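The values are calculated or read from the model by the stated rules, or taken from the named source; none is laboratory data. Everything quoted here is computed from the prediction, not taken from an experiment. For neighbour counting, all protein chains shown are included, and Cβ atoms are generated from backbone atoms with ideal geometry for every residue, glycine included. Side chains are part of the model used for accessible areas, which takes the heavy atoms of the whole protein and leaves out ligands, DNA and RNA. Shrake-Rupley method; radii C 1.70, N 1.55, O 1.52, S 1.80 Å.
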Amino acid sequence: MYPVPADFAAKAHVDAAKYQEMYAASVNDPEAFWGEHGKRLDWMQPYSKVKNTTFEYGKVDIKWYEDGVLNVAYNCIDRHLATRGDQTAIIFEPDSPDTPAQYITYNELSDKVNRMANVLLSQGVMRGDRVVIYLPMIPEAAYAMLACARIGAVHSIVFAGFSPDALANRINDSGAKVVITADTAPRGGRRTALKSNCDAALLHCSDKVRCLVVKHTGDQTTWVQGRDVDVKYLMEHASPDCPCRPMNAEDPLFVLYTSGSTGKPKGVVHSSGGYLVYASMTHQYTFDYHEGDVYWCTADVGWVTGHSYIVYGPLANGGTTLMFEGVPTYPDAGRFWAVCEKHKVNQFYTAPTAIRSLMGQGKDFVTKYDLSSIKVLGSVGEPINPEAWNWYNEVVGKGKCPIVDTWWQTETGGHMLTPLPGATALKPGSATTPFFGVQPVLLDSTTGKEIDETAAEGVLAIKDSWPGQMRTVYGDHERFMQTYFSDFKGYYFTGDGCRRDKDGYYWITGRVDDVINVSGHRMGTAEVESALVAHAKVAEAAVVGYPHDLKGQGIYCYVTLMNDVEPTDALRKELEVWVRTEIGPIAKPDLIQWAPGLPKTRSGKIMRRILRKIAENDFGSLGDISTLADPSVVDELIENRMNRG
Ligand code: 6R9
């Protein structure tokens, strides 16, 4: 246990006693609690109703502040102008340390967002229309998000590391009118050809889709007359005034595609009012953010962490948020710490996978920088192993910065289980206790009953709604109910397994479904499988995760080839490249095992439990294999397993 430093607690927004008091109030009377905290936003028309939610299967319906009217961009920009127009809103740190940083004030942010909003209007984007954003980590990504919010359009960001196919699927599923991209994206000294990826994607989309191009590097790209538009040029000629559209609290702010255990990625829909209340409140309390602090989240805006904790939370709070275009290891493994020193970062938020990879490079990359400005360290995306936690605490935090291990999901909009740095004693590897208004429960996975004992293990579910909760799956409310509310009736099911210790602390044990977590990126094994079977030489494929030192989990593929195909190393390479191009570099298989047969039940269902065990090199405890149609395939798979360490 690491107790809260007394001097930290004294200055924090919330200490242990206040946490207890506020938490009790939040669950005893959510209506009153969230009614009060909803006032942290500026409303054009105040709400009279706070909470109207049901988790009942078949009728799931989630509404917060339902008759309130507001504009998200107004809350992130306009309301700050009178008091902090000249304060830096966004610090932009480019890929190369030799390129000067940009300090974008709230006044400048306002100017850019208004202009970009007018550009979108000029392209025919109307309230409720979807806009796909396929941009690198540059200020224009934030401008584009806020410009959409300003005019009531719904953005859907596609991570710039995704392939043209993945981009096309998302443009088509969301029915976007416009896609915003950049010419090329520098990262780690190399350049990704985003515009040409976009060109390839648009071959599979309606020819009505406009392509707005941010000329970021000035690299040459192809140009389709009548379809492609130079955003910066239009922004220069657009008016710097664009009125904020009054939006209902429940109008969608964005759709973000995320992987599930089955089928294609689903469009997670977030609201305007409840989402912003929750993102801004968690940002303030979890990081103990104070006026004037410089805050840095290293995530990409393509993930939910970038939405809530680079853009919406910090800007709604009138904060200074840092956007980093580069990678942790360029020009060397000291870059994160160089940037922390350079901009005197006060709160630093990253993923365990980054910590693990930097740990391996040695302490010197950290200790040569002055990190005394850092007050709070954060972790997100996957469980943090104690070695990484200790290194983060000792080498980066010098033992004086609380580490907030934040457990949450794309679906939850903001932090759900997390320490509050002035209130919660820490245990390395535990996301500790719930945020205000969150009622976690452990369910018995077979009976579906709540487990009452404090010390217990089960699947993690949430008992009642919170304002940041997703509202639906884009265009498929049935799938929303099926995915999250059907297995355990009356609860929101997270898909994670979890242990609760005798002190009531929560420890996430990992996904209990067919979702894997590779370097903090969430991926459905079904997506990788369908990419593999799309290859002409592949007959069948099964994909599972296995423990990987750096990535947390690696991607292990069992591949059955077509009858006449020879299994060669060249083919293995070909399949790796194939999956990379089908989905994106993050989905590249780590291990491919040729599988003449897969373990199936008599009804033809692949027994993934067995494949997981073999991939984990833990084949001594395969459990009952008697229901297999042909148990002998198992011996063959064990014999030729790829992970032997
Ligand atoms: C924010 C984000 C969600 C899944 C989630 C869980 C894993 C996230 C974690 C964590 C242990 C943490 N996860 N944070 N596991 N400790 N602090 O990552 O969203 O991409 O939707 O992933 O990530 O398995 O269910 P998303």
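Being in contact with a Leu (Cβ under 6 Å, 6 or more places away or on another chain) and assigned by the TED database to the domain that holds P567, is that true of even one residue in the range 623-632?
No, every residue in the range 623-632 fails to be in contact with a Leu (Cβ under 6 Å, 6 or more places away or on another chain) and assigned by the TED database to the domain that holds P567.
Residue by residue, here is whether (1) in a helix (DSSP H, G or I); (2) more than 17 Å from the chain's Cα centre (by Cα) holds:
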| site | (1), (2) |
| --- | --- |
| T262 | no, yes |
| T282 | yes, no |
| G292 | no, yes |
| Y295 | no, yes |
| T305 | yes, no |
| K342 | yes, yes |
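Taking the criterion of being surrounded by fewer than 21 Cβ atoms within 10 Å (Cβ to Cβ), of a type outside the set (F, W, Y) and at pLDDT 95 or above, would at least one residue in the range 506-513 satisfy it?
Yes, the range 506-513 contains at least one residue that is surrounded by fewer than 21 Cβ atoms within 10 Å (Cβ to Cβ), of a type outside the set (F, W, Y) and at pLDDT 95 or above.
Conditions first: (1) at pLDDT 95 or above; (2) within 16 Å of the ligand (Cβ to nearest atom); (3) among the hydroxyl-bearing types (S, T, Y); (4) not in a helix (DSSP H, G or I). S465 passes all but one, so which condition is the exception?
(2)
Output the number of residues of the range 520-558 satisfying the condition of being within 16 Å of the ligand (Cβ to nearest atom), more than 22 Å from R499 (Cα to Cα) and part of a loop (DSSP other than H, G, I, E, B).
Here the count works out to 1.
Go through (1) farther than 19 Å from R511 by Cα; (2) open to solvent by less than 10 Å² (accessible area, probe 1.4 Å); (3) away from the ligand (no atom under 11 Å from the Cβ) one by one and return the number of the condition A425 breaks.
(2)
Scan the range 374-387 and give yes if some residue there is away from the ligand (no atom under 16 Å from the Cβ) and either assigned to a helix (DSSP H, G or I) or more than 19 Å from H521 (Cβ to Cβ) (or both), otherwise no.
Yes, the conditions are met somewhere in the range 374-387.
Identify, please: which residue in the range 565-579 is within 33 Å of the chain's Cα centre (by Cα) and of a type in the set (D, E) and is, among those, surrounded by the fewest Cβ atoms within 10 Å (Cβ to Cβ)?
Looking at residues that are within 33 Å of the chain's Cα centre (by Cα) and of a type in the set (D, E), I get E574.
Yes or no: T494 of a type outside the set (A, V, I, L, M, F, W, C), within 16 Å of the ligand (Cβ to nearest atom) and either buried (at least 22 other Cβ atoms within 10 Å of the Cβ) or more than 23 Å from L256 (Cβ to Cβ) (or both)? Can you show your working first?
Working: of a type outside the set (A, V, I, L, M, F, W, C): yes; within 16 Å of the ligand (Cβ to nearest atom): yes; either buried (at least 22 other Cβ atoms within 10 Å of the Cβ) or more than 23 Å from L256 (Cβ to Cβ) (or both): yes.
Yes; evaluated as a whole, the condition is true for this residue.
Determine which single condition I516 fails, assuming it passes every other condition in (1) open to solvent by 30 Å² or more (accessible area, probe 1.4 Å); (2) within 15 Å of the ligand (Cβ to nearest atom).
(1)
State which residue is nearest to I555 (Cα to Cα) when the search covers only the range 604-616 and only residues that are part of a loop (DSSP other than H, G, I, E, B) and touching a strand residue (DSSP E or B) at 6+ places or on another chain (Cβ under 8 Å).
Checked the range 604-616; the qualifying residue nearest to I555 (Cα to Cα) is E616.
To keep it simple, each residue is scored yes or no on (1) in the same structural domain as V543 (by the TED database); (2) without any contact (Cβ under 8 Å) to a residue 24 or more places away in the chain.
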residue: S603; (1), (2): yes, yes
residue: R612; (1), (2): yes, no
residue: F619; (1), (2): yes, yes
residue: G645; (1), (2): no, no
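Filter the range 51-92 for residues that are of a type in the set (S, T, Y), in a helix (DSSP H, G or I) and surrounded by fewer than 18 Cβ atoms within 10 Å (Cβ to Cβ) and give the result.
T83
If you go through the range 389-408 one residue at a time, how many are within 12 Å of the ligand (Cβ to nearest atom) and within 16 Å of K363 (Cβ to Cβ)?
Within the range 389-408, residues that are within 12 Å of the ligand (Cβ to nearest atom) and within 16 Å of K363 (Cβ to Cβ) number 1.
Select from the range 84-114 the residues that are touching a residue at least 24 places away in the same chain (Cβ under 8 Å) and polar (S, T, N, Q) and write down the one among them that is farthest from K49 (Cα to Cα).
Applying the filter and picking the extreme gives S96.
Does the range 479-490 contain any residue that is within 13 Å of the ligand (Cβ to nearest atom) and buried (at least 21 other Cβ atoms within 10 Å of the Cβ)?
yes
Is it fair to say R127 is touching a helix residue (DSSP H, G or I) at 6+ places or on another chain (Cβ under 6 Å), open to solvent by 20 Å² or more (accessible area, probe 1.4 Å) and under 21 Å from M235 (Cβ atoms)?
no
Quick one: which residue in V311, V255, V277, V301 is in a loop (DSSP other than H, G, I, E, B), open to solvent by less than 10 Å² (accessible area, probe 1.4 Å) and assigned by the TED database to the domain that holds R150?
Details: V311 fails: in a loop (DSSP other than H, G, I, E, B); V255 fails: in a loop (DSSP other than H, G, I, E, B); V277 fails: in a loop (DSSP other than H, G, I, E, B).
That would be V301, the only listed residue that is in a loop (DSSP other than H, G, I, E, B), open to solvent by less than 10 Å² (accessible area, probe 1.4 Å) and assigned by the TED database to the domain that holds R150.
Of the residues E250, E236, which is open to solvent by 10 Å² or more (accessible area, probe 1.4 Å), assigned to a helix (DSSP H, G or I) and assigned by the TED database to the domain that holds G38? Spell out how you get there, then give the answer.
Details: E250 fails: assigned to a helix (DSSP H, G or I).
On inspection, the qualifying residue turns out to be E236.
From the set of residues in the range 1-27 that are among the charged types (D, E, K, R) and closer than 18 Å to V404 by Cα, which is least open to solvent (accessible area, probe 1.4 Å)? Walk me through how you get there before you give the answer.
Applying the first criterion (among the charged types (D, E, K, R)) to the range 1-27 yields 7, 11, 15, 18, 21.
Subset that is closer than 18 Å to V404 by Cα: 7, 11, 15, 18.
Numbers: D7: 102, K11: 153, D15: 64, K18: 82 Å².
The qualifying residue least open to solvent (accessible area, probe 1.4 Å) is D15.
Identify the residue in the range 314-340 that is among the aliphatic types (A, V, I, L, M) and either open to solvent by less than 10 Å² (accessible area, probe 1.4 Å) or in a loop (DSSP other than H, G, I, E, B) (or both) and, among all such residues, is farthest from P139 (Cα to Cα).
A333
In the range 28-50, which residues are part of a helix (DSSP H, G or I) and crowded, with 16+ Cβ neighbours inside 10 Å?
The answer is P30, F33, W34, G35, H37, G38.
Exactly one condition in (1) small (G, A, S); (2) farther than 30 Å from K208 by Cβ; (3) buried (at least 16 other Cβ atoms within 10 Å of the Cβ) is not met by A117; state its number.
Exception for A117: condition (2).
Of the conditions (1) buried (at least 18 other Cβ atoms within 10 Å of the Cβ); (2) out of contact with any Lys or Arg (no Cβ under 8 Å at 6 or more places or on another chain), I104 fails just one. Which one is it?
The failed condition is (2).
Considering only residues of the range 598-615 that are hydrophobic (A, V, I, L, M, F, W, C) and modelled with pLDDT of 90 or more, which is most open to solvent (accessible area, probe 1.4 Å)? I'd like the intermediate steps shown before the answer.
Residues of the range 598-615 hydrophobic (A, V, I, L, M, F, W, C): 598, 606-607, 610-611, 614-615.
From what is left, the residues that are modelled with pLDDT of 90 or more are 598, 610-611, 614-615.
Numbers: L598: 15, I610: 0, L611: 0, I614: 0, A615: 0 Å².
Going through the qualifying residues, I end up with L598.
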